[in-house]
Amino acid sequence: MIDPGELREGMTVRDAQGRKLGIVANLGATQFELEQGWPARRDYVVRLHLVERVDGQDVFLHAHHGARVPPEEEEASLR
């Protein structure tokens with residue numbers, strides 16, 4: 001698991017392939033909300049143990065994190 005101190009609200013959340021999933025919002029001790037769109041259209045709860053790494057302002061989730069979060073551009077096209 002990563003150090004929670006590495007995360008900040010507003011960071012970009014990406015999947016293992018680098019596709020943007022959304023941004024970090026409402027950061028807690030063991031989880032954060034992944035917010036998609038502006039204004040926010042959808043929120044997902046992401047537990048910190050699903051974060052693979054932090055690289056600059058990007059948060060990458062494990063490839064097999066088990067969450068079903070569509071990339072932000074894909075979610076927008078479904079509407």
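The values are calculated or read from the model by the stated rules, or taken from the named source; none is laboratory data. It should be emphasised that the depicted structure is a prediction, and the values quoted were computed from it without experimental measurement. Ideal geometry is used to build each Cβ from the backbone, glycine not excepted, and the neighbour counts take in all protein chains shown. Calculation scope for accessible area: heavy atoms of the full protein, side chains included, ligands and nucleic acids excluded. Shrake-Rupley method; radii C 1.70, N 1.55, O 1.52, S 1.80 Å.
Counted residue by residue at 0.36 nm each, then reduced by the alpha carbon distance between them, the extension gain from ARG53 to GLN31 reaches 6.5 nm. Scanning residues 5 or more positions from GLN31 or on other chains, those with amide H under 5 Å from its amide H are LEU48, with H placed 1.01 Å from N in the peptide plane.
Rounded to the nearest 0.05, the FRET efficiency derived from the C-beta distance between VAL45 and GLN17 at R0 = 22 Å is 0.55. Computed with a 1.4 Å probe over protein heavy atoms only, the accessible surface of the stretch 26-65 comes to 62 Å² per residue. For the peptides 10-18, 30-38, residues were scored by their other Cβ atoms within 10 Å and the scores averaged per peptide; the highest-first order is 30-38, 10-18.
Accessible area of the stretch 1-65 with a 1.4 Å probe: how many percent of it is carbon plus sulfur? Carbon and sulfur: 46 percent of the exposed surface of the stretch 1-65.
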